[in-house]
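The next block holds one structure in the form of structure tokens; read it before the comments.
Since every read-out is calculated from the coordinates, none of them should be taken as a lab result. Because the structure is a prediction, the values reported are computed rather than measured. All Cβ positions, glycine included, derive from the backbone under ideal geometry; neighbour counts span all protein chains shown.
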Amino acid sequence: MKRLLWIGMLLMSLVARAQFDAAFTNTWALQSYYNPAAAGLDSKLNVIGAYSMQMVGFEGSPKTMVIHADMPLFFIGPKHGVGAAFLNDAIGAFSNKKIQLQYAFHQKFAKGRISIGVRPALLLIGFNGSELDLADASDPAFATNDVKGQAFDLDIGLRYTYKKLWYVGISAIHLLGPTVKLGDDKTHEVTVDPTFHVQGGYNLAFRHPRYKLAMDAMVRSDLLSWRGDINARLLYDGNRHKLYGGVMYSPTISAGVLLGFDFHGINIGYSYEIYTGGIGALNGTHEILIGYQHDLNVTKRGKNLHKSVRIL
């Protein structure tokens, strides 16, 4: 019974995660993670970390961490952006790590900016078979020892941004569909199917200049299953700090709330996602965001302005 419960939880989690990749609640904050074309889009250094604890209360529940950074390259022109990220994803006895670098090229187009990005990556997948308590230890479907494997992967993306009003993008993740063979004898393997993301957003301004409504949506699919996410955040831009609060909804999967604040370029956010498929309300997903932004616009006029001592 314990084994069936573990396998059932694993299958349910994989379906909710579009078969392989973790589904973060705050998709709006991880645009460069989902689409390499967003790297270096702003004139800022962007560093963000997200930690997601899914299906809390279940043994072996998924836990995912990502650390991502991107920035423009001004010394070869502001049309270029680079980024790097590290992902650590664990569910039960499975572990998935991803190390990636990305490059994006941005060009003005139709009063906006069109971007194209590429991201080579290294997948490191492991299975801790020694942690399993199987009724039949000779079951060939499970490795009885700890096995690991790695494979090269590639992501690409395309995005169009119109000023700071709206954006739309499409990306292909795991474009090579790599097969990772595990262990020295290579008797077990994991095949990662390509996943496609379509993402867009719109910022609605109010008459009061300090308030704005930011709406984002994303659909992801590996052509076998799909997941959609919609979120809306009310933003408050104060003199010394920024606040936001909002909601998210994923049809047939979950609903949740988002909260956060921004102080001197440091962003801290929290979200809680409740599954709508029968799991208890207390067994949802906790997600924590910590980010930092620093202005890198070295071409800004007057930044290094000095007055002559003759007119002081």
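For the listed peptides 200-207, 188-195, a ranking on the average number of other beta carbons within 10 Å per residue, highest first, reads 188-195, 200-207. Taking a straight Cα-Cα cut-off under 14 Å and skipping sequence neighbours fewer than 8 places away in the same chain, the aspartates and glutamates within cross-link reach of residue 164 are 42, 216.
This ranking places 285, 25 by how few other beta-carbon atoms lie within 10 Å of each, fewest first, which gives 285, 25.
Computed from backbone phi with θ = phi - 60° and the Karplus coefficients 6.51, -1.76 and 1.60, the 3J(HN,Hα) list for segment 29-38 is 7, 10, 5, 6, 6, 7, 9, x, 6, 8 Hz; x is used for glycine and proline.
Please report the spacing between the Cα centers of segment 33-55 and segment 268-296 in Å, no decimals. Centre-to-centre distance over Cα atoms comes out at 15 Å.
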